[in-house]
Amino acid sequence: MEVARREKASTVTYAMSILRLLAEREHALGVNAIARELSLAPSTCFKILKSLVAEEFVEIDPFTKGYSLGTAAIIVARRALDPARAFTTIRGRVDEMAQAYSIAIGMWRMIPRSRMVLAGFAEGTNQMRIHMSVGKRLPVLIGAVGRAVAADMDLSQKELENGFRALHWQVPISFESYAEEVQLAKVRGYGYDEGNFSPGVNTVGVTILDELSVIRYGLSAVMFKGQHSVETVEQIGRDLIALKAWASARLFSKAMYRVAVA
């Protein structure tokens with residue numbers, strides 16, 4: 001019985017490794033290439049692939065015999081990005097704001113291990129477009145949302161510095177400047193990144209907390225440097241705060257938490 005459990009666990013582990021490998025590669029891979037990458041026996045690899053194809057998690061090209069991710073993997077991935085369908089709930093208001101300012105707005109979901117993942121993205125009308133890929137993962141303390149997260153978490157100076165040292169910026173910023181901007185985010189209610197995360201792009205960010213004051217999501221308004229005046233950027237920050245309050249009221253409720261903890 002114990003041996004059977006170990007074999008089943010190994011099969012599941014190998015299957016997950018195959019899916020991760022196929023997700024990382026831009027082109028389909030043959031069974032031998034997959035087996036080599038994962039140090040698997042080709043026969044074992046083929047059996048697992050056959051099962052994944054049967055469940056539509058993997059597709060095989062009948063001509064090249066190359067394997068790639070299937071539609072079932074896509075469905076699972078989309079739901080995993082936003083299990084509560086939060087972005088769908090607030091999409092209308094996000095679109096309105098993106099259009100009003102000709103900016104892009106992203107919704108970030110907080111995930112374990114101090115990361116956040118882009119769960120949804122809306123773009124306003126603009127001749128030049130800013131685009132980010134849904135599913136992109138970032139350290140939770142980076143960018144404008146990261147400053148807002150740090151402000152809400154009320155980290156000690158040491159904790160903030162440790163988190164900051166692990167970040168990688170396109171345009172470097174000193175810890176002293178970052179810490180000052182975190183303090184400013186506490187006062188303003190939103191974080192601001194002026195080209196540090198991405199050159200030529202400025203970002204305003206807020207967090208969305210549940211009724212237990214746990215940070216669940218972040219919203220980032222992304223614009224080109226010089227696109228808006230300082231006054232307009234400040235108004236975007238205030239509008240994000242209003243959107244945050246509106247979203248929180250619709251995404252979280254006491255009733256939902258009574259069910260969740262029951």
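The values are calculated or read from the model by the stated rules, or taken from the named source; none is laboratory data. What you see is a predicted model; the values in this text were computed from it and never measured. Note that each Cβ is placed from the backbone with ideal geometry, even for glycine, and that neighbours are counted across all protein chains shown. Just so you know, the surface numbers come from the protein's heavy atoms only, side chains and all, with ligands and any DNA or RNA stripped out. Shrake-Rupley method; radii C 1.70, N 1.55, O 1.52, S 1.80 Å.
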- request: Could you please let me know if R91 is among the basic types (K, R) and touching a Phe, Trp or Tyr at 6+ places or on another chain (Cβ under 9 Å)?
  value: no
field: Matching entry among R115, R91 (being open to solvent by 40 Å² or more (accessible area, probe 1.4 Å), of a type outside the set (V, I, T) and touching a strand residue (DSSP E or B) at 6+ places or on another chain (Cβ under 6 Å))
entry: R115
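Residue check: is A80 in a helix (DSSP H, G or I) and within 23 Å of R137 (Cα to Cα)?
Yes; evaluated as a whole, the condition is true for this residue.
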- prompt: What are the residues in region 131-167 that are within 25 Å of R188 (Cα to Cα) and either among the polar types (S, T, N, Q) or assigned to a loop (DSSP other than H, G, I, E, B) (or both), if any?
  reply: V140, L141, I142, D154, L155, S156, Q157, N162, L167
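Condition check ((1) among the acidic types (D, E); (2) over 14 Å from the mean Cα position of the chain (by Cα); (3) outside any helix (DSSP H, G or I); (4) under 27 Å from R25 (Cα atoms)) across all residues:
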position: A72; (1), (2), (3), (4): no, yes, no, yes
position: R91; (1), (2), (3), (4): no, yes, no, no
position: W108; (1), (2), (3), (4): no, no, yes, yes
position: R113; (1), (2), (3), (4): no, no, yes, yes
Condition broken by Q170, with the remaining ones in (1) open to solvent by 80 Å² or more (accessible area, probe 1.4 Å); (2) in contact (Cβ under 8 Å) with a residue 60 or more places away in the chain satisfied: (2)
query: Would it be correct to say that G30 is open to solvent by less than 90 Å² (accessible area, probe 1.4 Å) and either within 30 Å of W108 (Cβ to Cβ) or free of Cβ contacts under 8 Å to residues at least 12 places away in the same chain (or both)?
result: no
message: If V204 meets every condition in (1) closer than 16 Å to G106 by Cα; (2) in a helix (DSSP H, G or I); (3) of a type outside the set (D, E); (4) touching a residue at least 40 places away in the same chain (Cβ under 8 Å) apart from one, which number is that one?
response: (2)
query: In region 128-144, is there at least one residue being of a type in the set (V, I, T) and touching a Ser or Thr at 6+ places or on another chain (Cβ under 6 Å)?
result: yes
- request: Evaluate the following for S198: is it at pLDDT below 95 and open to solvent by less than 50 Å² (accessible area, probe 1.4 Å)?
  value: yes
